[in-house]
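The values are calculated or read from the model by the stated rules, or taken from the named source; none is laboratory data. Bear in mind that the values here come from a model prediction, so they are computed numbers and not experimental data. Cβ: placed from backbone, ideal geometry, glycine included. Neighbour counts: every protein chain shown. In case anyone asks, the SASA skips ligands and DNA or RNA and just uses the protein heavy atoms, side chains included. Shrake-Rupley method; radii C 1.70, N 1.55, O 1.52, S 1.80 Å.
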Amino acid sequence: MPKFRGSGRRFGRIAAVTAALTVLPLLGVSGVASAAPSAVAPNGSSLERVDGTGRQVTAYVFSVSMDKTIPVKIQMPADLDAERPTLYLLNGAGGGEDSATWQRRTDMASFFSDKNVNVVTPIGGAFSYYTDWQKDDPELGRNKWTTFLTQELPPIIDSAFKGNGVNSLAAISMTGTSVLNLAISAPGLYKSVAGYSGCAETSTPAGQAYIKVVVESRGGGDTENMWGPTDGQGWIENDPVVNAEKLRGTAIYMSTGNGLPGAHDTIQKTGSVNALANQVLLGGAIEGATLLCTNNLFKRLNELNIPSTFDFRPNGTHSWGYWQDDLHKSWPWIANTIGL
């Protein structure tokens, strides 16, 4: 029961990667395995290079499905010798291509500094819902993020960054929907998913309107290229509420505010009157919508008797202060699901 808390090219690339990875230790990238052949996914996606030294690096992963290289931010634990689980921590609608990122807007770097986990955040996929699109989009390009996050990236992280094959997903806003669909797409790959201020339903008029605001109004893309016409099967197949039974066996944590101003909605936190007004008005309206979506998922999981944890905060807008709080609050739960 849900728990309620009131508050030809490919082979050339593989050869190049094999040569490059054998010298990574000479470049000072600690904690990265030198066994290059295993840093290639079954479909030929591969680790091209790693920039940075120490525990925070950027890996560049060539995705066969998208035919491009994806930067991936990785924070490794203090103990670089032991194998460890991996938390895939996804950015929101901007895909980490803007300033609205976990690294810039929260204390995630210091928070995870003493924790034995790889924290992995791909950069890219703005307004894509991190799903496999049916067609390439003139504005948003080729998006095959489900394939990337379930088939291409995990084996590379495990082999090159000493992952032990135990994974969790956590995400905000747009990708708060994605984590549920990713878990449905790859049963058993992720032990747990945590979604903060996401909208779980996609095939209802309200859910579709929310997605169109993100993909079309903000991103300039065409949702028909993503999941087809709104009355088609694609939207139903990607609706976590409709397909909630497929979440059985995955630990689930969801949180949302109600749109009313709270502790992080002050001029001291936002820095200006205009920023505060935007956060309270726009952020409040968005969070009110995610409350309705989250409540519908809560009821559906309850009907199916699927264990889950929900945190309905007594206030809060759609903004980073609350998501940092959500990450801190949910971490003991996440850690338990991945054996920490």
Residue in the stretch 147-156 that is crowded, with 24+ Cβ neighbours inside 10 Å and either basic (K, R) or assigned to a loop (DSSP other than H, G, I, E, B) (or both) present: no
Residue selected from the stretch 165-188 under the condition more than 24 Å from S203 (Cβ to Cβ) and either out of contact with any helix residue (DSSP H, G or I) (no Cβ under 7 Å at 6 or more places or on another chain) or of a type in the set (V, I, T) (or both), by the criterion most open to solvent (accessible area, probe 1.4 Å): G188
Meets criteria (in contact with a Gly (Cβ under 7 Å, 6 or more places away or on another chain), modelled with pLDDT of 95 or more and surrounded by 17 or more Cβ atoms within 10 Å (Cβ to Cβ)) for L140: yes
Test: residue in the stretch 77-84 that is more than 24 Å from N336 (Cα to Cα) and either open to solvent by 50 Å² or more (accessible area, probe 1.4 Å) or at pLDDT below 95 (or both): no
P229 vs. criteria part of a loop (DSSP other than H, G, I, E, B), modelled with pLDDT of 95 or more and open to solvent by less than 20 Å² (accessible area, probe 1.4 Å): no
Residues of the stretch 223-246 satisfying the condition of being farther than 17 Å from L301 by Cβ, in contact with an Asp or Glu (Cβ under 7 Å, 6 or more places away or on another chain) and not hydroxyl-bearing (S, T, Y): N225
Residues satisfying the stated conditions in the stretch 64-108, i.e. in a loop (DSSP other than H, G, I, E, B), of a type in the set (S, T, N, Q) and farther than 22 Å from G54 by Cα: S65, N91, S99
Single match in G288, G283, G234 (criterion: in a helix (DSSP H, G or I), under 18 Å from I184 (Cβ atoms), out of contact with any strand residue (DSSP E or B) (no Cβ under 7 Å at 6 or more places or on another chain) and open to solvent by less than 50 Å² (accessible area, probe 1.4 Å)): G234
Any hit, the stretch 296-316, residues being part of a strand (DSSP E or B), under 22 Å from the mean Cα position of the chain (by Cα) and closer than 19 Å to T202 by Cα: no
